[in-house]
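The values are calculated or read from the model by the stated rules, or taken from the named source; none is laboratory data. Every value quoted in this text rests on a predicted model; they were computed, and no experiment measured them. Methodologically, a virtual Cβ is constructed for each residue, glycine included, from the backbone with ideal geometry; neighbour enumeration extends over all protein chains shown. Note: areas computed on protein heavy atoms with side chains; ligands, DNA, RNA excluded. Shrake-Rupley method; radii C 1.70, N 1.55, O 1.52, S 1.80 Å.
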Amino acid sequence: MSTIAPQFRLSRFIGSLFDLIFWVILIFSLVGLPIVFIVLFYIKLPVINGQLMTPYLAMTWMADPSRTLPIVKSFMHTTIFRVMAFPGFGFAALLAAATIFVERKFLAKMQLRVGPLYCGKIEGILQLMGDGFKLMSKEIIIPAKADKPIFWLGPLLFVGTAGAFVALIPVAPGWVVANPSVGLLAVFAVIGFFPIIAVLTAWAANSKWTFIGGLRALHQMVAFEIPLILSLLGVVILSGSLNLSQIVQSQEHFWWIAFLPIGAIVFFITILAELERIPFDLPEAESEIVAGWLTEFSGMMYGLIQLGTYLKLYAFAGLFTVLFLGGWNGPMVWPPFPQDIITQGITIGPVTAHFPGLPLFDQEMLNGTLWFVIKTVGVILLILLPRGVFPRVRIDMILHTGWYKLIGLAFINIFIALGLLYAGVLGPGGLLH
Amino acid sequence: MTTQLPPGMHIETVDEKIMTLNVGPQHPGSGHMRLIIKVDGDYIVSCDPDPGYVHRGEEKMAEYRNYIQNIPHLERPVIHDSSNILYPYCLGVEELLGIEVPERAKYIRVIAAELNRCIYILYWLAIYGIFLGHSTMFMWPAGDRELFIDLLEAMSGARVTHAYLVPGGVRNDLPSNFEERCLRQVEYFEKRLREYEAIFYQNPLLKARTEGSGILSRTDAIRLGTTGSVLRASGVDFDVRKKEPYDVYENLDFQTIVMKEGDSYARSRIPYLEMFESCRIIKDALKKMPKSGSVRTKLKPNPKGGNDEVYRRVESGRGAIGYYIVSNNRPEPYRVKISVGSFRNLICMPYLLKGEKLGNMPAVYWGLNYWPVEADR
Amino acid sequence: MHRFLYSPTGLLATLVGEAASSFSPILLLFTFAIVATGPTLILSRMIAPRRTPNPVKFLPMESGQVPQGEGRTHFMMQYYSFVLMFVVFDVASIFLYAWGSSILDLPKSATLPIIGFLAIIFAAFAFALYQAGRKNIW
Amino acid sequence: MSSGTDKDVEVKDTAEEHSTNSENTKPDSMSKDEAKKFYEEKGLDLSPDVPVKPKPIPAFEKSLADKVSSKFGDKISVDYVRADRIRVTAKRENIVDVAKFIRDELKYDHAESVSGVDYPDSSEIEVIYHLGSYTDEKLGRQIFALATRVPREDVPNPGSDSTRTPSLRDVFYSVEFHERECFEMFGVYFEGHPDMRRLLLPEDWADIPPFRKDFKIKGR
């Protein structure tokens, strides 16, 4: 009884392989070929080596190495790549995963513990993966009277909205998924969705704890949305643009945090509140309302919410970097790509390989990304820090802080920006431009 | 009544929009107990505590076992403070049987009781920290408990349930080299305590949150018969160790910590400050302890109490613990009643939580120094 | 023919306009995030155990008790005044961006009315907060 | 104990007094035979080499007990007066009056515990209030045990049989939860208690009150 497949017959296995091949060919010709033609007709394709790319031609990169890198390079400049990999989802998810690990180790060191230790041999580096698999293998339990479609949709919407937020963050010159001219307003629009999702799922779950948690999420937005908006007005006044990339370009010489420290502080506090991190984690206050609006989520649904939360964390830290810390600006520290590899190729023993199309990324972009990541990680660490230092606050304290203190500070910040502008320190024709 | 309903709010008018919340027994903000809380929005309009989820009838069980057999199971209600909950039992049985305790044993008992008090308060403080969302304050005391657990393990051989105090003295003598080790660890611990002050008690957010919440006035504290840190936080200078000194507490140098405010912050700070006093007591007792001598008066096997009754009490981490033991000339006690501080402080809960914000519930609840397992016995 | 098929502006741009096409990647990433993570739910549904259902298992969280009352009720949260103020001032503060983003192009004299507007907003804030503080039970 | 003539002196060294007090008793300590007789009367079973120290009746406690007995006379009986402990038994009809007297005149202000003791042989249940004082410095080490006896029924029906006594909740507010516990553990109904419900036992407890002597622990 200990055999893995007791009913195994070789002939049936071979027969099933043929079956499989048949179905693959059938599905490819019914679905794959139409897709190829749709791509040919509707999608803009690049010109590689003086030849227009087609999906058929794209297949030849395997046979012709000289085409490989140009094709990859041209792919990297498509919107799809940006969405899926570099400034978009993949990059953000990678940083988010790193953040989770760093948070656990960082917090553990602060609290005289060791943190994750065993999973993955080296300092528990694979702990996150283990947690992911654990969550995935857990049963999803949905309360009987819950509004099931909305409840299922909640985590997906949350991750999607976090992704939409990530789309607006410029990482390097020209490397941004979406670059609308009113990027900052788009950011505000996207941020506004998060409490709505919280309330929606809280309502759908039909539990008292989630309900109170959702209401608290709403109150938190009420308290901190206006300080958030007002604290960024100073940056917009000084840079004269709502486009995030242009705001970064305007900080080529000076970071706005040097002139608008009050705005930066207010914005940082509102970040903590929007992220529901520890001094302001009222919607998830576990000792009062179990887990707040997350109470009824189980298994991978909870995992998706966590993923969305950390994507959001990355996006907010990126936004802080973009608005106050000069984004990708920084001294050029990335070494230039060695010229002899481009001209002579790489020589390994007797073989010399030429790679046309190198370098894949230009130096400016790599340098910008480096600085952006360094600054963003710094901001993320700063966001993680209060968790080890502060206790949770109360809802009336949140509202009081938001309305009585932060709004006043935000107004002061606006007047500082106006003063700088009209005193001729900054702006066109100013002393420092 | 100190905390009224907020202005403009009457129970009759808000009746239909009241939501009933069951806080506990499976709730991260409750112990093994239930608070049936009715909330109107963010305000609690009524609270009905429902303990008893861990009621085991320790008092009934004690009637079936003889005086020595009772020792291990009578410490079960609060294993983190096991020396202190056994202390009045030992005192009571000694009074019933008319036994004198050797001088050295008295000092060892005091040291064990104070070490155990620190263990309990650290555990309590850890949970107070995590109830307020301060995870560092959970990890630090939980880690520093090990210092005292190690010391008590060296003394008694067990890490948590020591059963170290017995009628007639203590179970065994101190191990060799204990004094230096104890002094070293206690002095290190005092350094750590000052760090707690910096990260927790002087934290502006903590102060803003707990100061002025759940105020219990001096008159109410007396009228409700509260005890321990709750009583002393309301300005009543009462500590059984000072008022009715048992064993050698009258020879030792310590103070009673009293605060006037009576709010949640004061209730959380009193046990913390008492740990300094505990350290002082331990150091003083180590100095004054006779360096050698017997540590236990031998009892007759299976001793019988007379037709008598005693009521003895000590100060534990949660307030006075009183044992009322009735004996009827048999090896087993006829009736054992344990009056614990947690059960006496339970009465404050409906009293203080009414009119309080829901966000204050954990701070007020845990500030009462209420240990559900002990209250249920 | 060739030019028509592979027009450099692309289909999206010709159909919905330049402005909308700069927003469309947001929607694209929104969709991609859902498409990329959604299958984990299905995967989880496939590999996770599904034990025999019983009614107690699907009860909403009530700390180990039988739930009493509805989860979706008419529930008055306090601090209503802040919500009211939010509705008003959120819009007002967004309007400031129209001015803030174009301030470099405006003549300096155009700032004065805005300063006046800010003063009015600030006064209104102060009055509303004063009222909110007076009736803290809202 | 020197009956608390000067308050300040007394507060400063209560502890010292206590020790001197026990020294004072030493001169009248008995010989070994007398001691043996004394303990046999008390029903104590002791090894002969245990030192013997009978306690005299302290003066301060005596004065408190005298106050109560002079006020109520035959209605109460003083069971014992020892160092720091007084025990008085009152009839259940006048226990509220006695409690009020103790609160107002003797300045005891809270109850430490309310214990029930079941005596099936005499068909009675004893309810003992251990009272203490926070406000009066002199009473800091005193415990006043106020006892009363209620009839016990062999087939208990908690709440609606004759096992009932007036509640002291209006006199000592702090007995509220203790009396609830006593009610469910012994079936003693406290009349006038505003909230006489179960407290510790499960909601569906259908047996007799468990701390009565005829309730046997299973497996024992």
Checklist entry - For the pair A:ALA189 and B:TYR64, how long in nm is the line joining their label points, each one 7 Å along Cα→Cβ? => result 7.3 nm
Checklist entry - By how many nm would the segment from A:ILE150 to A:PHE28 grow when fully extended, if each residue of separation counts as 0.36 nm and the alpha-carbon distance is taken off? => result 40.4 nm
Checklist entry - Tell me, what is the FRET efficiency for B:GLU103 and B:ARG218 to the nearest 0.05, using R0 = 22 angstrom and their Cβ-Cβ distance as r? => result 0.05
Next on the checklist: Report the D-B buried area as the accessible area lost on both sides summed, probe 1.4 Å, in Å² to the nearest 100.
Outcome noted: 5000 Å²
Checklist entry - For labels at C:ALA123 and A:SER181 in the simple 7 Å Cα→Cβ model, what's the distance in nm? => result 3.6 nm
Checklist entry - By Kyte-Doolittle mean hydropathy of at least 1.6 and Cα axial length of at least 24 Å, which whole DSSP H helices of chain A are selected? => result A:10-27
Next on the checklist: Between B:LYS298 and B:ASN328, what's the calculated FRET efficiency when r is the beta-carbon distance and R0 is 22 Å? Round to 0.05.
Outcome noted: 0.35
Checklist entry - Tell me, what ³J(HN,Hα) does each residue in the range B:137-143 have, in order and in whole Hz, if you take phi through Karplus 6.51 cos²θ - 1.76 cosθ + 1.60 with θ = phi - 60° and put x for Gly and Pro? => result 6, 7, 6, 5, x, 4, x
Checklist outcome for this item: CD proxy, 222 nm, chain B: helix-only mean residue ellipticity via -39,500 (n - 2.57) per DSSP H run with n ≥ 4, per residue, nearest 500, stands at -13500 deg cm²/dmol
Checklist entry - Where only protein heavy atoms count, and the probe is 1.4 Å, what is the accessible area per residue for the protein assembly as shown in Å²? => result 42 Å²
Checklist entry - In peptide C:113-123, what is the residue-averaged number of other protein chain Cβ atoms found within 10 Å of each Cβ? => result 1
Checklist entry - Where does helix B:178-196 land angle-wise versus the long Cα axis of chain B, in degrees 0 to 90, nearest 10? => result 10 degrees
Checklist entry - What list of ³J(HN,Hα) couplings, whole Hz, do you get for the range C:110-126 from phi and the Karplus terms 6.51, -1.76, 1.60, once you set θ to phi - 60° and write x for glycine and proline? => result 6, 6, 4, x, 5, 4, x, 4, 4, 4, 4, 4, 5, 5, 5, 3, 4
Item to check | Computed E for A:TYR118/D:ASP74 - FRET, C-beta separation, R0 56 angstrom, nearest 0.05 | outcome: 0.15
Checklist outcome for this item: Checking rank on A:292-304, B:23-35, with mean other Cβ inside 10 Å and highest first, the result is A:292-304, B:23-35
Checklist entry - Between the range A:266-304 and the range B:167-208, how many Å separate their Cα centres? => result 35 Å
Checklist entry - With the Cα gyration tensor of the range B:58-376 giving a ≥ b ≥ c as the square roots of its eigenvalues, does the rule (a/c under 1.5 for rounded; else a/b larger than b/c for prolate; else oblate) give rounded, prolate or oblate? => result oblate
Next on the checklist: So if I take the centroid of the Cα atoms in the range A:104-183 and the same for the range A:371-432, what is the distance between those two points in Å?
Outcome noted: 26 Å
Checklist entry - Using θ = phi - 60° and the Karplus curve 6.51 cos²θ - 1.76 cosθ + 1.60, what whole-Hz ³J(HN,Hα) does each residue of the range B:361-376 get, with Gly and Pro shown as x? => result 4, x, 5, 5, 4, 7, x, 6, 6, 9, 10, x, 5, 6, 5, 7
Checklist outcome for this item: Which of A:LYS138/A:LYS312; A:LYS105/A:LYS312; B:LYS337/D:LYS218; B:LYS191/B:LYS287 exceed 27 Å between C-alpha atoms? The answer is none
Next on the checklist: Roughly how large is the B-A contact in terms of buried accessible area, totalled over both chains, probe 1.4 Å, nearest 100 Å²?
Outcome noted: 2500 Å²
Checklist entry - What full-extension length gain, to one decimal in nm, is calculated for B:ALA154 and B:LYS287 as 0.36 nm per residue of separation minus the Cα-Cα distance? => result 46.0 nm
Item to check | Cα-based convex hull volume of the range A:143-422 per residue, rounded to whole Å³ | outcome: 166 Å³
Checklist outcome for this item: Protection proxy (average C-beta count within 10 Å per residue), highest first, orders D:117-128, C:114-125 as D:117-128, C:114-125
Item to check | Long pairs among B:LYS243/B:LYS304; B:LYS242/D:LYS67; D:LYS67/D:LYS100, criterion Cα-Cα beyond 19 Å | outcome: B:LYS243/B:LYS304; B:LYS242/D:LYS67
Checklist entry - Which order, highest average first, do D:180-192, B:240-252 follow once you tally other Cβ atoms within 10 Å for each residue and take the mean per peptide? => result D:180-192, B:240-252
Checklist entry - Just counting partner chain Cβ atoms within 10 Å, what average do the residues of peptide A:155-163 show around their Cβ? => result 6
Item to check | Drop in accessible area of at least 10 Å² in the complex versus isolated chain, residues of the range B:125-147, 1.4 Å probe | outcome: B:ILE130, B:PHE131, B:LEU132, B:GLY133, B:HIS134, B:SER135, B:THR136, B:MET139, B:TRP140
Checklist outcome for this item: Charge dipole of the protein assembly as shown built from unit charges on the beta carbon (Lys, Arg +1; Asp, Glu -1), centred at mean Cα; most positive-end Cα among B:LEU299, A:THR401, B:THR136 is B:THR136
Next on the checklist: Testing the spin-label approximation: label points 7 Å from Cα along Cα→Cβ at D:ARG92 and A:ASP19. State their distance in nm.
Outcome noted: 8.3 nm
Item to check | Amide N proximity, the range A:317-335 versus A:LEU370 label position 7 Å along Cα-to-Cβ, cut-off under 15 Å | outcome: A:328-335
Checklist outcome for this item: Quick shape check on the range C:81-123: root eigenvalues a ≥ b ≥ c of the Cα gyration tensor, a/c under 1.5 is rounded, otherwise prolate if a/b tops b/c, else oblate, and it reads oblate
Checklist outcome for this item: Here the residues of the range B:350-371 lying in the modelled label zone of B:ARG56, meaning backbone nitrogen under 16 Å from a point 7 Å along Cα-to-Cβ, are B:371
Item to check | Cα-Cα P(r), the protein assembly as shown, percent of pairs per 20 Å interval | outcome: 10, 32, 29, 18, 9, 2, 0
